[in-house]
Amino acid sequence: MPHKSADTRRRLLDAAIEEFSANGLAGARVQVIADNAKANKQAIYAYYGSKEDLFVATFADRIMHWREAIRFDEDDLPESAGRMFDEYTRSPQTWQLMFWASIEKGGSRPPLPALSEMYEDYAERIRAAQVAGRVTTRYSPPMILGLIRSLVLTWQIQAVELGARMPESLEVRRATIVEAIKTLLNDASRG
């Protein structure tokens, strides 16, 4: 029985990731999640408590996967940014969930624990690298993370009219991000 329970939870989570990343929290339908998971709607409430709690669980799942995939390295922030780009390209649900959370709740929502923990960890690691003299101190760790995130998401958040004028090759996009982060951090260390 426990195997069946774990399997059902995973199917619900996978279906929720797809539904929430496509439609956001407000637009997602619990019945669609249940149907796509081949489960009943009551299972969602039994395992996750509420639609919002299921949304938080999808975030935790995506962030756990994200952290494993990108292998953040405070001593090689440009290549970490390249791996972030790779992961956003491979698994767009992560950035889509982030955008839905920002759009729907903005500053009024409580922080998502998995995201807060990740950013706190990364910021602390950057801070330690700054103290050791390996990363510029011109920008605070949260500012460095924000700049990296913004550059990595350049193509996902771009207006169609501008995006159509940018390189289509994923290799060129990735190389551009890595070079931009290198330049930003190197110029900052000289300034």
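Here are the numbers for the structure shown:
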quantity: Where labels lie 7 Å past Cα in the beta-carbon direction, separation of Asp76 and Val30 in nm; calculated: 4.6
quantity: Selected from Ile126, Asn40, Trp95, residue furthest toward positive end of dipole (the chain; charges at beta carbon); calculated: Asn40
quantity: Between 0 and 90°, nearest 10: helix 113-131 axis offset from the chain longest Cα axis; calculated: 20
quantity: Cα-based helix-to-principal-axis angle, 141-152 vs the chain, degrees rounded to 10; calculated: 80
quantity: log₁₀ of I(q)/I(0) at q = 0.10, 0.11, 0.14 Å⁻¹ - the chain, Debye sum with one point per alpha carbon; calculated: -0.49, -0.58, -0.87
quantity: Percentage relative contact order, the chain, counting C-alpha pairs under 8 Å, at least six apart; calculated: 22
quantity: Nitroxide proxy distance, nm - points 7 Å out along Cα→Cβ at Ala22 and Glu104; calculated: 1.5
quantity: Contour minus Cα-Cα distance for Ser91 and Glu52 (0.36 nm per residue); calculated: 11.9 nm
quantity: Rh (Kirkwood; distinct C-alpha pairs) - segment 80-191, Å; calculated: 15.5
quantity: Per-pair calculated FRET efficiency, R0 = 22 Å: Met64 and Glu120 via Cβ, rounded to 0.05; calculated: 0.90
quantity: Helical contribution to [θ] at 222 nm, DSSP H n ≥ 4, -39,500 (n - 2.57), averaged over the chain, rounded to 500; calculated: -25000 deg cm²/dmol
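Since every read-out is calculated from the coordinates, none of them should be taken as a lab result. None of these values were measured; they are calculated from a predicted model. Cβ coordinates were reconstructed from backbone atoms using ideal geometry, including for glycine residues, and neighbour counts include every protein chain displayed.
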